[in-house]
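S.K.: Provided herewith is a single structure, encoded as structure tokens, for subsequent inquiry.
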Amino acid sequence: MPMCTTGAGPAAALLGSSGPTVLLNAAYLTDTILNDVAAPAGNLDALSSWAMATGGTFTKALAVAAGASGVDGPFYVTASGVHTGGVNVALTCATPVVIPADTDCVIYVKAKLSLSPTFYAFGSSTVAGNRIAVQGDGDAGVEITFGGTNQVSVYYGTHAAGVYLYRFRRSGSSWYIARTGDAEQSATVSGTATAAISLDTLLGHRTGGTLDTYSATGEYLQKAYIFHGSSTPDTAYEIANGGTL
């Protein structure tokens, strides 16, 4: 099984040697995503692994070891992305993606969401509550919870089904959140805004003693991009994914 690595990779090089450190760069149409027989994933295949351009390889086996179902894997849909199909499945990486404490950072998540999203783009298999989540019923609350007790969040009064790019940005001790169609706004912060953030699971997270909470059917992860060492948005990335936020 490939081991995970973090740190600068191909995407970091694009930003220049003095730019921020890219921790994760994922894109479902270009990354190496394998099905349950270790072949390139086709439409509606159950998955065994997702090897990202930067950030390591997330596998079904590690998620199962942490508490996810071993019956099915997350599913690949050519037109939509990677999702759970409403089953208790996830993908977990051996080495977490860690944003250091007291460090500016930017997190992008691109997802296809239903009208009533219950979507966990990232989570932790070891720290209860660590997650990046979108939840709601015709509206949506967007949050990052980390360190078990710290949270940054924004509540949107309206939400429609569709593809959204979200940007979470930490600058000093302040957080800002933007999404497709909604300008950036200051996030509500509870706890320590500058704490480290550790994430190792896609589409699920741990709420108790095991990996036990998962994205609902109809919620698809398409792309993710995480860097630290800067709070400046990557406008080129945004333009390539629907337009500047």
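The values are calculated or read from the model by the stated rules, or taken from the named source; none is laboratory data. All of these numbers come straight from a predicted model, not from anything done at the bench. FYI the Cβ positions are ideal-geometry reconstructions off the backbone, even for glycines, and counts take in every protein chain you see.
Yes or no, residue by residue, for (1) surrounded by fewer than 24 Cβ atoms within 10 Å (Cβ to Cβ); (2) among the aliphatic types (A, V, I, L, M); (3) more than 15 Å from the chain's Cα centre (by Cα); (4) more than 20 Å from V82 (Cβ to Cβ):
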residue: L221; (1), (2), (3), (4): no, yes, no, no
residue: I226; (1), (2), (3), (4): no, yes, no, no
residue: P233; (1), (2), (3), (4): yes, no, yes, yes
residue: G242; (1), (2), (3), (4): yes, no, yes, no
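S.K.: OK, next. So which of S125, S114 ends up being more than 15 Å from the chain's Cα centre (by Cα) and at pLDDT 95 or above?
M.R.: After applying the criteria, what remains is S114.
S.K.: How many residues are free of Cβ contacts under 8 Å to residues at least 60 places away in the same chain, touching a strand residue (DSSP E or B) at 6+ places or on another chain (Cβ under 6 Å) and not aromatic (F, W, Y) when one looks only at region 66-82?
M.R.: 2
S.K.: Here's a follow-up. Give all pairs with beta carbons closer than 7 Å in which a residue from region 206-218 that is under 17 Å from T149 (Cβ atoms) meets a residue that is part of a loop (DSSP other than H, G, I, E, B) and small (G, A, S); count only pairs at least 6 apart in sequence or on separate chains.
M.R.: R206/S124; R206/S125; R206/A128; T207/A128; T207/G129; G208/A128
S.K.: Any chance you could count how many residues in region 39-97 are of a type in the set (S, T, Y), under 14 Å from Y28 (Cα atoms) and under 14 Å from the mean Cα position of the chain (by Cα)?
M.R.: Selection size over region 39-97: 2.
S.K.: If you don't mind, there's one more thing I want to ask. Checking V109 against (1) modelled with pLDDT of 95 or more; (2) farther than 25 Å from D234 by Cα, only one condition comes out false. Which one?
M.R.: The number of the failed condition is (2).
S.K.: Among the strands (runs of 3 or more DSSP E) lying completely within region 49-93, list those that include at least 3 residues that are charged (D, E, K, R) and at pLDDT 95 or above.
M.R.: In region 49-93, there are no strands (runs of 3 or more DSSP E) which contain 3 or more residues that are charged (D, E, K, R) and at pLDDT 95 or above.
S.K.: A further question follows. Failed condition for L203, given (1) among the aliphatic types (A, V, I, L, M); (2) out of contact with any strand residue (DSSP E or B) (no Cβ under 8 Å at 6 or more places or on another chain); (3) buried (at least 17 other Cβ atoms within 10 Å of the Cβ), with all others met?
M.R.: (2)
S.K.: Can you tell me which residue among V189, V154, V163 is more than 23 Å from L23 (Cα to Cα), more than 13 Å from the chain's Cα centre (by Cα), modelled with pLDDT of 95 or more and surrounded by 21 or more Cβ atoms within 10 Å (Cβ to Cβ)?
M.R.: Answer to the selection: V154.
S.K.: Still on this structure, please answer the following. Can you pull out every residue in region 117-142 that is over 21 Å from G191 (Cα atoms), in contact (Cβ under 8 Å) with a residue 24 or more places away in the chain and in a loop (DSSP other than H, G, I, E, B)?
M.R.: P117, S125
S.K.: Go through (1) among the aliphatic types (A, V, I, L, M); (2) closer than 16 Å to H228 by Cβ; (3) touching a helix residue (DSSP H, G or I) at 6+ places or on another chain (Cβ under 9 Å) for L165 and report which single condition fails.
M.R.: (2)
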